[in-house]
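Take a look at the structure set out below.
Bear in mind that the values in this text are calculations on the coordinates, not laboratory data. Since the model is a prediction, treat every value here as computed from it, not as a measurement. Note that we place each Cβ from the backbone using ideal geometry, even for glycine, and neighbour counts take in every protein chain shown.
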Amino acid sequence: MAGLIARGQVEERLVEGMAKAGFPLAKHAPLHERPIGKALYQDNELIFNRALDGKSSSFCVLATREADGSVAVHWYNPDPNGATLKREEYLRKTLLPPGASEEMVAAVVGRVCGDAAKKKPNQMFLDPHTHFGSMCPPLVGPDGNTTRWGNVKYDDGVSYLTDNLRKALFYHIDYYALTTHNSFSKTAFDFMSWAGHWLGFLPVPATELTAPLKEPNGPHFLVLMKNANVGDYLTRGILSRRERLDMPSYFSGMGMKEMLDVLFSLQKNNLAALGIAHPVNFNSPSLPVPIVGLYSAVDTGALSLDQAHMLAQRFDTIAMWNPSLHSKADEVRVENPQLKSFLREVNRKHVGNRRLWVNQTNYALAQELHESFGICTHFETDEHKTLPFIRQDGGKGYVLGGDSLAMGMTVIEAPAETFKGRMSVPELIDMIRTRAAEMHGKVFAVARPEAITVHAERAAVPEQLRRVARRAEHALTRRYAGMLVRDFFDLLFSGELDDIGNMSGG
């Protein structure tokens with residue numbers, strides 16, 4: 001039996017063992033040159049990522065130094081067949097006590113390697129649809145002064161971008177797209193590029209556009225850009241045309257046809273890949289946001305079903321699941337008989353029942369369009385209220401669970417025979433556009449007689465995080481309501497009564 005490690009050296013042995021196994025340690029110093037870097041990579045943490053060697057996809061391990069000298073090691077088991085795993089089986093956490101044996105450290109490294117083998121080096125994860133509200137929690141600087149970041153006006157989430165990135169790392173995201181509503185923030189992209197260089201992920205310049213069929217509302221489309229210069233072109237061609245509205249998800253000043261002409265031109269020149277967000281949408285009545293989505297627009301009469309199909313086949317990818325959508329036992333309210341018949345039939349064909357549960361219907365629709373038109377599918381978090389890492393009581397690391405990134409993933413698998421290292425973002429866009437890599441969405445759902453649903457272990461928020469989750473939900477509702485009210489009165493006072501009428505339909 002290997003001997004005990006001297007107190008205080010457990011961390012050193014872990015770093016050595018992880019490095020030998022192919023998981024380099026991210027450096028604190030470059031990130032801590034900026035105050036915000038300390039929120040991304042905290043003093044008591046060790047972040048390991050096999051992507052830091054430039055040869056493999058991301059697999060991240062997060063360890064924390066505890067007050068008693070122990071080290072808590074956390075990582076995510078991405079087992080593609082793990083839909084019904086218990087929480088402790090897919091959210092790994094183990095404690096190395098002070099003076100742990102060499103065997104104990106080796107066993108932890110071995111478990112990490114075993115789970116990392118379930119995500120092949122040429123297999124990458126993309127989060128194509130995310131939002132935020134502010135850059136970072138308040139920070140106290142060396143001078144004792146507190147730096148506070150206010151909510152950005154160009155996106156409608158309530159989470160901190162630093163929390164988003166930390167969770168993306170933990171769930172092995174290789175490509176992270178911040179899809180701010182109807183805008184592109186070069187500042188946020190530059191920050192993510194800096195952070196990603198040191199931590200091992202690649203940001204994708206991106207936006208989520210509302211394509212107005214009845215201003216200021218319409219279907220939502222994702223634009224994943226080849227580089228930040230495309231964002232400048234997009235700003236000139238589309239974003240600068242947006243008239244002043246407080247709600248970031250509204251767009252007034254350009255119709256869908258004119259907007260799509262610009263987007264399809266970018267796509268044709270392989271400067272951007274285009275995605276359809278939540279094609280069938282139903283939001284909770286607690287959030288006063290109207291129905292949006294390409295196929296939801298058919299139900300409003302803004303498009304025919306044939307027109308929706310013609311548009312859909314021109315896109316690169318379509319959402320097959322979105323945890324932010326309404327999840328209660330209510331069917332999507334569809335009045336259009338042709339659309340209802342079509343959606344019931346694709347549910348019967350791809351799921352086995354004809355019920356119009358919102359995510360089940362998106363799942364079935366995405367499979368149908370993939371078969372019919374060759375469109376890739378994607379899992380989108382559409383995250384607006386990311387939960388932060390919260391300390392476990394008693395000095396045992398972090399509380400884990402309740403994250404949308406644990407419910408599914410978008411998988412991109414490069415051909416093994418030509419794989420020489422993780423693709424750059426321009427190479428990623430080329431591969432999506434040309435279908436040179438396999439890309440598909442996966443959800444950790446189980447089939448029940450009445451519906452397919454995410455397994456309860458994946459969706460449940462741990463007790464210690466529920467208060468935080470409730471506060472985020474309330475903050476999001478208040479933010480939406482405030483923006484909608486301000487837009488309503490702005491349009492009322494300016495005499496734009498038609499736009500007020502269209503605020504309640506997509």
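What the table below lists for this structure:
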read-out	value
Residue pairs, from the table K93/K167; K153/K385; K120/K442; K38/K420; K27/K55; K167/K226, whose Cα atoms sit over 27 Å apart	K38/K420
Relative exposure of C60, C136, C113, C376, judged by other C-beta atoms within 10 Å (fewest first)	C113, C136, C376, C60
For the range 10-116, convex hull volume per residue from C-alpha positions, Å³	117
Per-residue HN-Hα couplings for the range 66-72 [Karplus 6.51, -1.76, 1.60; θ = phi - 60°; Hz; x = Gly/Pro]	9, 4, 8, x, 7, 10, 8
Förster radius 41 Å - calculated FRET efficiency between T235 and Q9 (Cβ-Cβ, nearest 0.05)	0.20
Amide H contacts of M320 (H built 1.01 Å from N, under 5 Å, at least 5 apart or other chain)	H378, F379, E380
Inter-label distance for A416 and T147, nm, one decimal - labels placed 7 Å from Cα along Cα-to-Cβ	4.6
Neighbour-limited loop hits for trypsin sites (Lys or Arg not before Pro), the range 235-277 (at most 14 other Cβ within 10 Å; DSSP other than H, G, I, E, B)	R244
Angle between the chain longest axis and helix 186-199 axis [Cα atoms, degrees, rounded to 10]	30
Square roots of 5 times each gyration tensor eigenvalue, C-alpha, the range 345-487, largest first, Å	31, 23, 19
Where GluC sites (Glu not before Pro) fall in DSSP loop in the range 421-460, at most 16 other Cβ within 10 Å	E450
Helix 463-494 vs. the chain, principal-axis angle (Cα, 0 to 90°, nearest 10)	30
Rg [Å, one decimal], Dmax [Å, integer] - the range 222-269, C-alpha atoms	11.1, 33
Expected 222 nm ellipticity per residue - DSSP helices of 4 or more, -39500 (n - 2.57), all of the chain, to 500	-11000 deg cm²/dmol
Residue exposure sequence - T317, T147, T434 - by fewest surrounding Cβ within 10 Å	T434, T147, T317
Nearest-20 debye value, the chain charge dipole, Cβ charges on Lys, Arg, Asp, Glu	540
In order through the range 308-313: 3J(HN,Hα) via Karplus (6.51 cos²θ - 1.76 cosθ + 1.60), integer Hz, x for Gly, Pro	4, 5, 5, 6, 4, 5
The chain: relative contact order as a whole-number percent, Cα under 8 Å and 6+ apart	16
Environment charge of N77, counting only residues whose C-beta is closer than 13 Å and scoring Lys/Arg +1, Asp/Glu -1	+3
Helix axis angle, 337-350 relative to the chain longest principal axis, alpha carbon, degrees	30
Net charge contributed by nearby residues that have their C-beta within less than 15 Å of R348 (K/R +1, D/E -1)	0
